[in-house]
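Encoded as structure tokens, the structure appears first; notes follow it.
The values are calculated or read from the model by the stated rules, or taken from the named source; none is laboratory data. Just so it is clear, the model here is predicted, and its values are computed rather than measured. FYI the Cβ positions are ideal-geometry reconstructions off the backbone, even for glycines, and counts take in every protein chain you see.
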Amino acid sequence: RIPPLKANCSVLLGLFSDARSQPEFCDNHIITAQRIELSPAGEYLIPNPEELGCVRFCVVYDHDTGLTDWQEKEKETGNGAASGTEISSSGSTSSQDAGEGGALLHARNLEHFSRHPVLVLKGGYKRFSACYHFLKSYKTVWMPQELDNFEPYPVEILPAKLYMGNFKQASDKQIQKDLKIKALVNVSEEPVTLFAEEGKSLHIPVPDSLKADLFSSFATISHFIDAQLEVGAVLVFSSLGISRSSTATMAYLMHSCRFSLQVCHCHSPCRNSALHFSS
């Protein structure tokens, strides 16, 4: 059995539930995912209902739920296959339509035991594994120490293009390879060289202080990111990957993508009072 990822002793951060067959699950699955078991009558079993009440993000997936709708949307928008992993709410209804995939059926069952909306991975494992092959695993048993040592990846801001993280993630060569990072934006005080030969870097020395002037560098950061996105992915990072990198990332989204501040906040995982857009 695989314990969910923990944020602290009272809140379980995330739980991935795999609704595919046993052979498919054993072949490979999303890291830390649990396979959903079936009863002898063919009904989905609810794993540990008490635990589900504490899970903040419960995500269910099967092989390709929603893939047809996603493909039609891709044709309309012209986006490629690596356009990111979207998740959609399963809805509050408890009806089970015959044409629905296993993920949707199980998500509706889980909603009765979860305090938060249950999410369905759009496109299922087929789409996810194509976009994020480095997050696949064949392990079915994880020790608590292994989960504690698991290193998270940077936050994906723009699918396969723009990421936000901390110094440790930026200096990880495997992460650079997996995400195809070709440029780095360093918004911390410490100058560092994280690329051996290839790749471009921009250093904006900014102290971790509310009085620091990051506003005057917004244009420089945005122009650099725009130029580098034509070559590959860009990672914006600071020491801890919180306020400075988040502010710089949101400034880019507003400048180059013409996003509103409200939309930018939805893209950013760091929505706190330390984010200021004035010098």
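Things worth noting here:
- Annotation: of all residues in segment 1-53 being at pLDDT 85 or above and β-branched (Val, Ile, Thr), the one that is nearest to Tyr125 (Cα to Cα) is Ile30.
- Test: Asn272 is polar (S, T, N, Q) and at pLDDT below 90: yes
- Candidates Asp172, Asp178, Asp226 - the one that is within 24 Å of the chain's Cα centre (by Cα), closer than 27 Å to Arg258 by Cβ and at pLDDT 90 or above: Asp226
- Pairs meeting the criteria (first residue in segment 240-253 and in a helix (DSSP H, G or I), second residue among the acidic types (Asp, Glu), beta carbons under 8 Å, at least 6 apart or on different chains) are Ser243/Asp208; Arg244/Asp208.
- Filter pass, Tyr125 being assigned to a loop (DSSP other than H, G, I, E, B) and in contact (Cβ under 8 Å) with a residue 12 or more places away in the chain: no
- When the residues of segment 167-201 are filtered to those that are surrounded by fewer than 20 Cβ atoms within 10 Å (Cβ to Cβ) and among the aliphatic types (A, V, I, L, M), the one that is nearest to Leu235 (Cα to Cα) is Leu194.
- Residue within segment 233-253 that is basic (Lys, Arg) and modelled with pLDDT of 85 or more present: yes
- Ala160 being modelled with pLDDT of 90 or more, in a loop (DSSP other than H, G, I, E, B), surrounded by 15 or more Cβ atoms within 10 Å (Cβ to Cβ) and hydrophobic (A, V, I, L, M, F, W, C): yes
- Subset of segment 128-144 [in a helix (DSSP H, G or I) and modelled with pLDDT under 85]: Pro144
- Count of segment 112-155 residues, restricted to those that are touching a Cys at 6+ places or on another chain (Cβ under 9 Å) and of a type in the set (D, E, K, R), is 1.
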